[in-house]
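The values are calculated or read from the model by the stated rules, or taken from the named source; none is laboratory data. Keep in mind the model is a prediction, meaning the values are calculated, not measured. All Cβ positions, even for glycine, are placed from backbone atoms using ideal geometry, and neighbour counts span all protein chains on display.
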Amino acid sequence: MASPRYMDFLVKLAIVNARVNGGRAIDHMQSYTPLLRDRLMTKYIADNLKRLPDSEFLLNRVMSAVDDPWALKTLQELYLAQHAGEEFLDVELENEKGERIHISSFKGKVLVLDFWITGCRACVGLFQSTLKPLQEQFKKGGNVEFISISADQNREMWLKSLHTGKYTDENAQNLRIPTKDNPLLSKYKIQSYPSLLLIDENGKLLKSTGIPTEKEGLSNVIKESMDN
């Protein structure tokens, strides 16, 4: 991989070429190898995000084009950071009884959203080592709600997984994304599992990146959220 200094030079060169020859800076990065192209486009977006008038359009365009895992993760974090403080998307989810539940019905509490899918070993590990003990910790006197959200499209598979106790338990609000066209996953760029999101007491996205997955770290973040 190219050195940071050389990467800076190539990004600046693309910006100059765009000014002289027209088009976007990212259009002038397409002749490089796929990995270098992805890293250059990501660096350009990261360095110039606040200065770009159509930053979200470009961010989405580059996110859909890159293949490099590091580049995609970096861009997803930038995207989510842009939406911190916004009203959380009030989508309709489904509970075990088949009832439709809105995220807004939990307003007034700090929400810890855990996105998982059946067969995900990391999802089991996160719940067993971190979320399960924290649910017990905050159950008494904590204005916190843990919401387990499954992306399983097969309802029967989801119900079976619930009853194993591996992914979640009765101390959480157990919900499922009921339809493929539900915008929740695409809105918040949830493309891998497990994924965590925090929502404040006013129903606004509080934190979507850099959320600790170990017990002590996540506990501290939740406490800080309750104090704000």
Restricting to region 197-212, give me the number of residues that are closer than 11 Å to Lys109 by Cα and within 11 Å of the chain's Cα centre (by Cα).
1
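How many residues are of a type outside the set (Phe, Trp, Tyr) and under 17 Å from Asn220 (Cα atoms) if we restrict to region 115-153?
As a first pass, look at region 115-153 and keep what is of a type outside the set (Phe, Trp, Tyr): 117-126, 128-137, 139-145, 147-153.
Going one step further and asking which of them are under 17 Å from Asn220 (Cα atoms), we end up with 126, 129-137, 139-145.
Number satisfying all stated conditions: 17.
Could you identify the single residue in Ser148, Ser129, Ser161 that is small (Gly, Ala, Ser), touching a Lys or Arg at 6+ places or on another chain (Cβ under 8 Å) and in the same structural domain as Ile211 (by TED's automatic domain parsing)? Break it down into steps so the answer makes sense when it comes.
Values: Ser148 fails: touching a Lys or Arg at 6+ places or on another chain (Cβ under 8 Å); Ser161 fails: touching a Lys or Arg at 6+ places or on another chain (Cβ under 8 Å).
From the options Ser148, Ser129, Ser161, the qualifying one is Ser129.
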Take the residues in region 107-124 that are within 20 Å of Ser208 (Cα to Cα) and of a type outside the set (A, V, I, L, M, F, W, C); name whichever of them is surrounded by the fewest Cβ atoms within 10 Å (Cβ to Cβ).
Gly108
Residues of region 164-192 satisfying the condition of being over 15 Å from Leu89 (Cβ atoms) and loosely packed, with under 12 Cβ neighbours inside 10 Å:
Thr164, Glu170, Lys180
Going by the conditions given, is Gly141 of a type outside the set (Val, Ile, Thr), modelled with pLDDT under 95 and outside the structural domain of Glu56 (by TED's automatic domain parsing)?
yes
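Take the residues in region 122-162 that are among the small types (Gly, Ala, Ser) and within 19 Å of Leu175 (Cβ to Cβ), then tell me which one is farthest from the chain's Cα centre (by Cα). Break it down into steps so the answer makes sense when it comes.
Within region 122-162, the subset among the small types (Gly, Ala, Ser) is 122, 125, 129, 141-142, 148, 150-151, 161.
Applying the additional criterion that residues be within 19 Å of Leu175 (Cβ to Cβ) yields 148, 150-151, 161.
On the way: Ser148: 14, Ser150: 14, Ala151: 13, Ser161: 23 Å.
Here the answer is Ser161.
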